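These notes concern the structure reproduced below.
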Amino acid sequence: MNGNTAVPVDAAAVRSVEASLRSVLSPPKNAQLTAELEQLVSDPAALASSFPLAGRSFGREALPGRAGWTVDDAVRLLLLSRFPETGGRLVEEVSVRYRHGDAGERRGVLRALPFLPIGTGGLPLVEDALRTNDPRLLAAALGPYAQVRLDQHQWRHAVLKCLFLGVPLTVVAGLSERADPELALMAHSFADERRAAGRPVPADTWLITSHL
């Protein structure tokens, strides 16, 4: 599940996100976005200012057609997808944006990972997000990138953490494909402990336990 092959940017998927984004931006904001994307071609260093300011510049409203995404998530994806360098330089830039960013910037990086040609270069960022107790970071980390790149042990424990933190399992990409009997046993134990403590069991736990 965690091979090193770098998958090229899925241009059609990026265009789909861009279309959703531009449909909710005003004409002046659309023009501003175009200018920022064009600037990156000649001045990659501009990402250091445009990336952190995405929320303030374009808003943080929900993005139509993308469950859990916000406008600034989409802007940050477009900025990273237009970054003119590839390979190790792109991995380095993505890592810097995550490591030096606030929660919104980190979420934007995690949302963008499946669209970027970075191979396993984003795994340390996903692993860092999975160590936090921030439900929004956890949800963003368990998208299609983690579905393909995380090994089964890490993935099982990340899914179980969703139950502990109350993150809906519907955010986990590839849940039905990757859930296995071992994860189901872990979820059963979790549910038994909850009941013994008089605490509620998340209603979507059955999505895992049904795999026994």
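Cβ-Cβ distances below 6 Å connect the following pairs, each with a first residue in the stretch 105-133 that is over 25 Å from LEU53 (Cβ atoms), a second residue that is surrounded by 24 or more Cβ atoms within 10 Å (Cβ to Cβ) and of a type in the set (Gly, Ala, Ser), and a separation of six or more residues or different chains: LEU130/ALA141.
When you look at VAL201, is it within 21 Å of ASP128 (Cβ to Cβ) and β-branched (Val, Ile, Thr), yes or no? In short, no.
Within the set LEU207, LEU169, LEU175, LEU165, the sole residue that is farther than 26 Å from GLY108 by Cα, of a type outside the set (S, T, N, Q) and outside the structural domain of ARG106 (by TED's automatic domain parsing) turns out to be LEU207. Residue count for the stretch 51-77 under the criterion of being closer than 17 Å to PRO135 by Cα and modelled with pLDDT under 95: the result is 2. Applying the condition of being more than 22 Å from GLN32 (Cβ to Cβ) and of a type in the set (A, V, I, L, M) to the stretch 72-115 and asking which residue is surrounded by the most Cβ atoms within 10 Å (Cβ to Cβ) yields LEU110.
The set of residues in the stretch 186-203 being in contact (Cβ under 8 Å) with a residue 12 or more places away in the chain and exposed (fewer than 15 other Cβ atoms within 10 Å of the Cβ) consists of HIS188 alone. Listed by position, the helices (runs of 4 or more DSSP H) contained in the stretch 27-71 that have at least 3 residues being surrounded by 18 or more Cβ atoms within 10 Å (Cβ to Cβ) and in the same structural domain as TYR98 (by TED's automatic domain parsing) are 27-42, 54-58. For the stretch 2-19, the set of residues classified as modelled with pLDDT of 95 or more, of a type outside the set (A, V, I, L, M) and either part of a loop (DSSP other than H, G, I, E, B) or buried (at least 16 other Cβ atoms within 10 Å of the Cβ) (or both) consists of GLU18 only.
Would you say ARG199 is part of a loop (DSSP other than H, G, I, E, B), more than 22 Å from ARG66 (Cα to Cα) and not assigned by TED's automatic domain parsing to the domain that holds ASP72? Answer is yes for this residue. Just one of (1) out of contact with any Phe, Trp or Tyr (no Cβ under 6 Å at 6 or more places or on another chain); (2) touching a residue at least 24 places away in the same chain (Cβ under 8 Å) fails for ALA35. It is (2).
The values are calculated or read from the model by the stated rules, or taken from the named source; none is laboratory data. Everything quoted here is computed from the prediction, not taken from an experiment. FYI the Cβ positions are ideal-geometry reconstructions off the backbone, even for glycines, and counts take in every protein chain you see.
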